[in-house]
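Note sheet for the following structure.
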Amino acid sequence: MKIRSLFLILALTLSGCLDPAEDEQTNVIDNRYFNHTLGLSLQFPRNWRVEMNVPHFEDTVAVRADGPQGEEFPPLAALQYFEFDGPEDPRSLMGYYKAYLSEYIKDMQGYQESVFTQNGLELGRVQYSSSVHGTVRTYQEIFFVRRGYLVSVFMADKANRFDGKGEMTSIRESISMY
């Protein structure tokens, strides 16, 4: 089974993903992204720039949010999803994530994985650091299977603001299903 990860958008071109541009059941209101196909919403900080159906290499992400400009490498978050008929338990997907990432991210450091429950749904989380153009950034991906789609919320941050009560944590905690 091949697991595609937004982590890898930075390193390679992904192919075969669902094109979110075809999904008319999405919108953004006050920096909250709604996807009615998935029954999901996600809140981005108000001072972030949010765009839908953003081309990235040869792929498209359903929504991408960029942190405030002014930092050399501002934080970013993106959501991507594609049809998936594999296991739904995030624990079953962890080994595939690590193997796939290890194959393409040669300088991966500090790899961590966990499963947690939020709003009644078990979510997988992987986090690691890697160098992009000489700058070390930390990457975190939250993933889960929902309504026959593998959903990935990818976040990258040079300052590693994934713990505590900062913007990256608020994005993760805002994931909700309806």
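The values are calculated or read from the model by the stated rules, or taken from the named source; none is laboratory data. Bear in mind that the values here come from a model prediction, so they are computed numbers and not experimental data. No Cβ is skipped: glycine too gets one built from the backbone with ideal geometry, and neighbour counts run over all protein chains shown. Surface areas here come from the heavy atoms of the whole protein model, side chains and all, with no ligands, DNA or RNA. Shrake-Rupley method; radii C 1.70, N 1.55, O 1.52, S 1.80 Å.
Using a 1.4 Å probe on the protein heavy atoms, what percent of the accessible area of the chain belongs to carbon and sulfur?
45
With +1 on each Lys and Arg Cβ and -1 on each Asp and Glu Cβ, how big is the dipole of the range 26-113 about its Cα centre, in debye rounded to the nearest 20?
Numbers: 7 positive and 14 negative charges, 57 e Å.
Once rounded to the nearest 20, the dipole reads 280 debye.
Check cross-link reach from Lys165 to the aspartates and glutamates: straight Cα distance under 16 Å, and skip same-chain residues fewer than eight apart.
Asp157, Glu173
Looking only at the range 138-176, which residues have a backbone nitrogen under 15 Å from a spot 7 Å from the Cα of Asp85 in the C-beta direction?
Zone members listed by number: 148-150.
Which order, highest average first, do 46-56, 69-79 follow once you tally other Cβ atoms within 10 Å for each residue and take the mean per peptide?
Values: 46-56: 14.4, 69-79: 16.3.
Ranked by mean Cβ neighbours within 10 Å, highest first: 69-79, 46-56.
If each of Glu72 and Gln112 carries a label point 7 Å out from its Cα toward its Cβ, how far apart are those two points in nm?
2.4
Find which of Thr60, Thr135, Tyr104 sits farthest along the positive direction of the dipole of the chain, computed with +1 on the beta-carbon of Lys and Arg, -1 on that of Asp and Glu, about the Cα centre.
Thr135
Quick one: dipole size for the chain, taken about the Cα centre, charges +1 on Lys/Arg Cβ and -1 on Asp/Glu Cβ, in debye to the nearest 20.
In total the dipole reaches around 440 debye.
Using the heavy atoms of the protein chains and a 1.4 angstrom probe, tell me the accessible area per residue for the range 80-178 in square angstrom.
Here the residues of the range 80-178 average 46 Å² of exposed surface.
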